[in-house]
Amino acid sequence: MTALVLAEHDNAELKPATLNAVTAASQLGGDVHVLVAGSGAQAVADAAARIAGVSVVLLADDASYGNRLAENIAPLIVSLAGDYDAIVAPTTTSGKNILPRVAAQLDVAQISDVMKVESADTFVRPIYAGNALATVQSTDSKKVMTVRGTGFPAAAATGGSAEIRTIAAAANPGNSRFVGAELAKSDRPELTAAKIIVSGGRGMGSSGAFSIIESLADKLGAAVGASRAAVDAGFISNDHQVGQTGKIVAPQLYIAVGISGAIQHLAGMKDSKVIVAINKDEEAPIFQIADYGLVADLFQAVPELEKAL
Amino acid sequence: MKILVPVKRVIDYNVKARVKADKTGVDLANVKMSMNPFDEIAVEEAIRKKEAGQAEEIIAVSIGPAQAQETLRTALAMGADRAILIQTDDIVEPLAVAKLLKAVVDAEQPGLVILGKQAIDDDSNQTGQMLAALLGWPQGTFASIVKVVGDGIEVTREVDGGLETVALTLPAIVTTDLRLNEPRYASLPNIMKAKKKQLDVKTAADYGVDISPRLKTLKVEEPAKRAGGIKVKTIEELVDKLKNEAGVI
C-alpha cells in the first residue's frame, strides 16, 4: 500500500495544505510519496522531503507544469498511477481541478473532500453543505481522493529525509495555456491556515466599511473572511469567501460580523472552535451556532472591540 | 457552434437537508426541488453566448428521474432550444454522469459544454473535469468570465489565491462559479413556449453506458450539533469571555 500525495505549491513554496493531505494519506496505512509537479520547483521538493512520514518525493520539473494546468498535470499523475494504491490531493482549487481528471482517466470514482479515513477503503465526506455526513466504501482497486484540510492535523514540516527522485515530464496535450493571474497579496495569514478569522457579510454595506474588519484582523493577527453576499456585492475579492463552495475553515476563533448565517456560509465555518457573532438582527440564524453572540451595530461594536483588546 | 448544458434536479438551495432516521440517506420526500444553482448559471451563460451570436443552438441534458423533465423545462423556458432526459431512478455517480455526457457529446458534437462546478446535493465537484478527461478536451473550471477569443476561449477562474485566466482551444469544457452571471427568470410566455419545445427521453442503455456505482454508501448521519451559546451584552463581557472562558485570545 503506497499513496501518492499531490503537493500544493507555487513553485517557490510548499503550501501547508500539503501537510494535512500527507496525514490523511498516512492514515491509509502504507508508505507516503509526494509528487511535486512544477517549474523551477527544487526548493518545493526539498521542503516536501523534510515532511515527517514521507519516504519518497517525485519531482517533475518542467515549464509545462509551472502554472499547474490540469490538462498537463493529469496525464503525469496517470502515468505514475500504476505504482500507487491511492492518489491524494488537498481540497484546494488546484486539487479540485486536477484530480477528477485523473480519476476519470483511471476509470475510478473520486471521493471528494474526505473528512475522515475510517479504513483504507472507507471514508467520511460531507454532503448537502455539510448538513449530512456520508460514510462511503470504495469498490475501486485504486482510490482517488481530495481531503479536507480541517479534517486532518498537519504532518510535521520537518524531521523527514525523503529521497528525491527526478522524473521526466509526460506529453503535453497543448490545448490550454496560462494567460495570467490576479492574486491577492497580503501580509495576513492564509484563511485556511489562520488561527483567528474575522469575517464580514452583507451587513458591512460597502467595500470601504471592510476596513474596520481588516483593522480588527490586524490587531488579532487574523485572516479576513467574507460571506458570499459580501463577495457578490463586490465588497471584497472572491479569495476571501468562506462557505460550501468557497473555503472551508476551522480556526480557534471565528468572528462573524454582519453575517446572517445562510446554510451555505455555515457549511464553511461551523467546525471553528469558538464562534462569535456580531449582528444587529437578533433573529439572525448565525446566533444559533455562535458561542458568543452580541446584538449590536457592527459599526460601533467592531472598533470598540478592537480598542478593548 | 452548439452548446451543451447539463442540468441536475436537486434539493432547493433554501431547504436544509434532513437525514433519514434509518441513516440510509437524506429525506427528499415532499421537499422542494429545483435546478442546481450552478447549472442555472451555466444555462444563462449559454444563452448569453447565443444572444451574442457566438452559438447557434443550446441543448440542455439531464440525468435523473422522470421529474427531471421539469428541470429541463425550466432550462427551455430560460432559452435552451431543446432537451434530452436520460431517465433513471438510480443514483448516478459523477463518473457515470461523465460517461453518459460523453456519449451525448459524441452524438451532438457541441463546441462547448458548460456545467455547474458542483451540485449542491453531493457536493462532488467532479463531473466537468471528468467529462473533459474522457473527451481529451481542455477545461476552464470555476469560471467567473468566459470570453470567445478567436478560435478558442479565455476563461477567468476563481482560485484560492484570487483569479487566474487560461486560454483554451475549442471544443472545451467550462464549469461555472457563482459570479459568472446572474441567471434570468423565465417569463410566463417563455414558460408556455417551453412546453412545446423538443424533449427527448432516453435511457442509459440507449447510450450503452454502465452506470453501476463504484461507491457504497454505508450510512448517512447528521453532523454533531454545536451546543447553543450565550448572548453577551457588552464588548467588555465579550472580551472577558474570549480571554478567560474560551481562552482563544
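The values are calculated or read from the model by the stated rules, or taken from the named source; none is laboratory data. Remember, it's a predicted structure, so these values are computed and weren't measured experimentally. Don't worry about glycine lacking a Cβ; one is built from the backbone with ideal geometry, like all the others, and counts go over all protein chains shown. The protein model used for the area step is the full one, side chains on, heavy atoms only, and it has no ligands, DNA or RNA in it. Shrake-Rupley method; radii C 1.70, N 1.55, O 1.52, S 1.80 Å.
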- Residues of segment B:132-166 buried by at least 40 Å² on assembly (accessible area, 1.4 Å probe, chain alone as reference): B:Ala133, B:Gln139, B:Phe142, B:Asp160, B:Gly161, B:Leu163, B:Glu164, B:Thr165
- Message: I'd like the interface area for chains B and A: accessible area of each alone minus the complex, both sides summed, 1.4 Å probe, protein heavy atoms only. What is it in Å² to the nearest 100?
- Response: 6700 Å²
- 1.4 Å probe, heavy atoms, protein only - residues of segment A:52-78 losing at least 30 Å² accessible area vs chain alone: A:Glu71
- Note on the structure: Mean accessible area per residue over segment B:74-179 (1.4 angstrom probe, all protein chains present, square angstrom) is 26 Å²
- Surrounding charge for B:Leu101, neighbours by C-beta under 14 angstrom, Lys/Arg +1, Asp/Glu -1, total 0
- Query: Ignoring ligands, DNA and RNA, what percent of the 1.4 Å accessible area of the protein assembly as shown is carbon and sulfur?
  - Reply: 48 percent
- Note on the structure: Projected onto the charge dipole of the protein assembly as shown (unit charges on the beta-carbon of Lys, Arg, Asp and Glu, signs +1, +1, -1, -1), the Cα from A:Ser141, A:Ala12, B:Val61 with the largest positive-side position is that of B:Val61
- Computed over chain B: longest principal axis from alpha-carbon atoms vs helix B:94-108 long axis, angle to nearest 10 degrees, is 20 degrees
- Environment charge of A:Gly159, counting only residues whose C-beta is closer than 15 Å and scoring Lys/Arg +1, Asp/Glu -1: 0
- Task: Select from A:Val102, A:Val144, A:Val136 the residue whose mean-square fluctuation is largest in a Gaussian network model of chain A (Cα-Cα springs shorter than 10 Å).
- Result: A:Val136
- Query: What pairs in A:Lys96/A:Lys219; B:Lys2/B:Lys117; A:Lys270/A:Lys307; B:Lys50/B:Lys202; B:Lys16/B:Lys195 have C-alpha atoms more than 24 Å from each other?
  - Reply: A:Lys96/A:Lys219; A:Lys270/A:Lys307; B:Lys50/B:Lys202; B:Lys16/B:Lys195
- Task: Would you please calculate the Kirkwood hydrodynamic radius of chain A over all C-alpha pairs and express it in Å, rounded to one decimal?
- Result: 20.3 Å
- Item | Whole-Å distance, taken between Cα centres, linking segment A:125-191 and segment A:207-268 | 23 Å
- Task: Jot down the per residue volume, in cubic angstrom and as a whole number, of the convex hull over the alpha-carbon atoms of segment A:1-121.
- Result: 89 Å³
- Task: May I ask you to list the residues of segment A:121-138 whose amide nitrogen lies under 16 Å from a point 7 Å from Cα along the Cα→beta-carbon direction of B:Ile91?
- Result: A:122-138
- At a probe size of 1.4 Å, how large is the accessible area of B:Met33, to the nearest 10 Å²? 50 Å²
- Task: Please work out the FRET efficiency for the pair B:Ile230 and A:Lys273, using the Cβ-Cβ distance as r and a Förster radius of 22 Å; give the result to the nearest 0.05.
- Result: 0.85
- Message: Show me the helices of chain A, taken as full DSSP H stretches, that run 18 Å or more along their long axis by Cα and average -0.5 or above in Kyte-Doolittle hydropathy.
- Response: A:93-106
- Message: Can you give the local net charge around A:Asp113? Use residues other than it whose beta-carbon is closer than 10 angstrom to its beta-carbon, Lys and Arg +1, Asp and Glu -1.
- Response: +2
- Helix B:68-78: inclination vs chain B longest Cα principal axis, degrees, rounded to 10, gives 80 degrees
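For chain B, what Kirkwood radius comes out of the mean inverse Cα-Cα distance, in Å?
19.8 Å
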- Query: Which whole-angstrom value gives the distance between the alpha carbon centres of segment A:62-88 and segment A:35-60?
  - Reply: 14 Å
- Query: Just from its helices, what would the mean residue ellipticity at 222 nm be for chain B, if runs of 4 or more DSSP H residues each count -39500 (n - 2.57) and the sum is divided by every residue, rounded to the nearest 500 deg cm²/dmol?
  - Reply: -7500 deg cm²/dmol
- Message: Under 10 Å, Cα contacts only: if you run a Gaussian network model on chain B, which one of B:Glu237, B:Glu154, B:Glu221 comes out with the highest mean-square fluctuation?
- Response: B:Glu237
- Item | Sequence of B:Ile91, B:Ile211 from largest to smallest accessible area, 1.4 Å probe | B:Ile91, B:Ile211
